[in-house]
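A quick write-up on the structure given underneath.
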Amino acid sequence: MSRYRRGGGLALVSFIIGLALTMVPLPDNVELLRPYWLAMLLIYWCLELPEKIGMGAAFVAGIAMDLATGTLLGEHALSLVIVAFLVRRFRLRLRFFPMWQLTLVVLALLMNDRVVTLWINGLRGAEAPSWEFWIAPLIGAFLWPWIYLILDRARQRSATA
Amino acid sequence: MVAYGMLAIILMVVDHRADLLTPVRSTLSLAIWPVQMAVDLPVRAGRWVSGQLASHDALEQQNQQLYDDLLKARMNLHKLESLVAENERLRILLNAAANQPGEVRAAELINVDLDPFRHRILINRGSRHGVFPGQPLVDANGVMGQVTLVSPMTAEVMLVSDPDHALPIQFNRTGLRSIAFGTGRTGELQLPHIPISADVLGGDLLVTSGLGGHFPPGIPVAVIERVTRTPGETFAVANATPVAALDRSREVLLLWPQSSPDDSADDANQDNPDAGTTIGESSDVLQQSEAPQ
């Protein structure tokens, strides 16, 4: 159980829950507003547990999401690898950011991911998405502090259990 | 990062251009299946609970309504059967090939959301149930789409509204054949190649023409909304609304195609032990469902 206490097990559970949240059916008009759960979880775990959760985990999570949502194999893998790369590169600075600054960083990362998704979909020939496409990162950034707190609390509880 | 990035890009290109990754995808999807079932479960449970809590009056009313609808449907079915028989006689007279009925099996949508940029849905039948890629899917009102990717326990279906979907159709009134393309908008199909002088009116019903071999002929597809005729253009463009409830249907039907006349019956009975229904024998099924009462 020491592995769980070090957070690896909790990370896996959080990714599975994130995958489930990605698949929960939403009404058609709010479907594009769904935040990018796996990216936000990845940002958290790359910041907190860099030795375990790196670009390999990002790639696997991306493939899992591609399988679950029926997109091209590698589409979400690429976007999550980009997110993981950026977080790891700036991790030493990001670790000491206050929460509001971290939220802005998350917003920037999610927006960047939206641009990448737009580019990939454009290459595939899909039509340009509606304005809700650009709102999803805002919702994700809004939820970020809560996700951070919940995961921190869960880690503390599993560490002292 | 570069290694993973390149790997992801290579996977995407291969998946987009070739079918090489399809078996990989099918097998790996089995790992995702438990999560999909877990997400589907609450919706299904909620429906079951609301079904349990429905008032006796409401259930009785619904029962009576269904009985009346069934009666009307059976009347229409008798009419239809005599038409089918007449059609067969005429075909024999014209030395045309006889129409072999295919097989029908029910399936249900799994309540998970797939990528919002594609019009795909997930059904709870897979290769273990005999589902194959390219298989047509219909609901009670008309054509819904085609199976694209088959996993052991589930299958992904491309809806007719997907921008990549093209369906050979025939105008029910005039017999004109054309192709209906998905537009990416749920309620809209487009027919961009209608001869400008063709007799096409708003309200015309489109049915499958059976060309291409994927869909059996004669299944309702859509109703024409409007026809745009631009003077000087060679073709008119028509927009149609699909008759199937693409975003609402829960119960759907998978169609197996007619096989060659000698072995259709044997194959059907061997491959599908839990008996599907043959389209031509629907009256028997109705009688069977009445018997337990």
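The values are calculated or read from the model by the stated rules, or taken from the named source; none is laboratory data. Note that the coordinates shown come from a computational prediction; the quantities given were computed from them, not determined experimentally. Positions of Cβ are backbone-derived with ideal geometry, glycine not excepted, and every protein chain shown enters the neighbour counts. With ligands, DNA and RNA removed, areas are computed over all heavy atoms of the protein, side chains included. Shrake-Rupley method; radii C 1.70, N 1.55, O 1.52, S 1.80 Å.
Radius of gyration over Kirkwood radius for the stretch A:111-161, both on Cα atoms: the Rg/Rh ratio is 1.26. For the stretch B:10-69, the solvent-accessible area works out to 72 Å² per residue, with a probe of 1.4 Å and every protein chain left in place. Placing R0 at 60 angstrom, the Cβ-Cβ distance between B:Tyr67 and A:Leu92 gives a FRET efficiency of 0.25 after rounding to 0.05. Assuming charge only on the beta carbon of Lys and Arg (+1) and of Asp and Glu (-1), the dipole of chain B about its Cα centre is about 700 debye to the nearest 20. Partner shielding of B:189-202 amounts to 0, given as the average count of beta-carbon atoms from other chains within 10 Å of each residue beta-carbon. Judged by the ratio a/c of the largest to the smallest principal axis of the C-alpha gyration tensor, chain B counts as rounded, that ratio being less than 1.5.
Here is the list for the stretch A:5-79: GluC sites (Glu not before Pro) lying in DSSP coil, each with at most 13 other C-beta atoms within 10 angstrom of its C-beta, are A:Glu51. In the stretch B:1-32, burial by the other protein chains removes 40 Å² or more of 1.4 Å probe accessible surface, compared with the chain on its own, from B:Met1, B:Tyr4, B:Ala8, B:Leu11, B:Met12, B:His16, B:Arg25, B:Ile32. Here r is the Cβ-Cβ distance between B:Met6 and A:Thr160 and R0 is 41 Å; the resulting FRET efficiency, rounded to 0.05, is 0.45.
Kindly state, to the nearest 0.05, the FRET efficiency for B:Trp48 paired with B:Val24, given R0 = 30 Å and r defined as their beta-carbon distance. Once the sixth-power term is evaluated, E becomes 0.25.
Roughly how many percent of the accessible protein surface of the protein assembly as shown is carbon and sulfur, given a 1.4 Å probe and a whole-percent answer? Taking all protein chains in place, the protein assembly as shown shows 61 percent carbon and sulfur surface.
Other residues whose C-beta falls under 14 angstrom from the C-beta of B:Gln64 contribute a net charge of -3, scoring Lys and Arg +1 and Asp and Glu -1.
Close amide H partners of B:Ile179, meaning residues 5 or more places away or on another chain with modelled amide H under 5 Å apart, are B:Ile169, B:His193.
Across chain B, the relative contact order, built from alpha-carbon pairs under 8 Å that are at least six residues apart, equals 17 percent. The trypsin sites (Lys or Arg not before Pro) of the stretch B:84-176 that DSSP puts in a loop, and whose beta carbon has at most 16 other beta carbons within 10 Å, are B:Arg173. Its relative contact order, with pairs defined as Cα atoms under 8 Å and 6+ residues apart, puts the stretch B:103-209 at 19 percent. Shown here are the Rg and Dmax of the Cα trace of chain A, at 15.5, 51 Å. Taking the average, over residues, of other Cβ atoms within 10 Å as the packing measure, peptides B:72-85, A:136-149, A:53-66 rank A:53-66, A:136-149, B:72-85 from highest down.
Near A:Ala128, once Lys and Arg are set to +1 and Asp and Glu to -1 for all other residues with Cβ below 14 Å from its Cβ, the sum equals +1. Counting only Cβ charges, +1 for Lys and Arg and -1 for Asp and Glu, the dipole size of the stretch B:29-81 around its Cα centre is about 160 debye.
Take each residue of peptide B:118-125, count the partner chain Cβ atoms within 10 Å of its Cβ, and average: the result is 2. For the protein assembly as shown, the equivalent ellipsoid derived from the Cα gyration tensor has semi-axes of 47, 27, 21 Å, listed largest first. Assign one of three labels to the stretch B:35-144, namely rounded, prolate or oblate, based on the Cα gyration tensor with a ≥ b ≥ c the square roots of its eigenvalues; rounded applies when a/c is under 1.5, prolate when it is not and a/b is larger than b/c, and oblate otherwise. Oblate shape, in that a/c is at least 1.5 and b/c is the bigger or equal ratio. Approximating the spin labels as points 7 Å out from Cα along Cα→Cβ, the B:Asn141-to-B:Glu88 distance works out to 3.2 nm. Given their separation in residues at 0.36 nm each and the Cα-Cα distance between them, B:Met37 and B:Phe235 gain 66.6 nm when the chain is fully extended. What shape does the stretch B:68-212 take by its C-alpha gyration tensor, where a ≥ b ≥ c are the square roots of the eigenvalues and a/c under 1.5 counts as rounded, a/b above b/c as prolate, and the rest as oblate? It comes out oblate by the Cα gyration axes. Solvent exposure of chain A, expressed per residue, is 48 Å² of accessible area, with all protein chains present and a 1.4 angstrom probe.
Seen from A:Gln101, the other residues with C-beta closer than 15 Å to its C-beta sum to a net charge of +3, counting Lys and Arg as +1 and Asp and Glu as -1. Nearest 100 Å² is fine: what is the total accessible surface buried where chains A and B meet, probe 1.4 Å? Heavy-atom accessible area buried at this interface is about 3200 Å².
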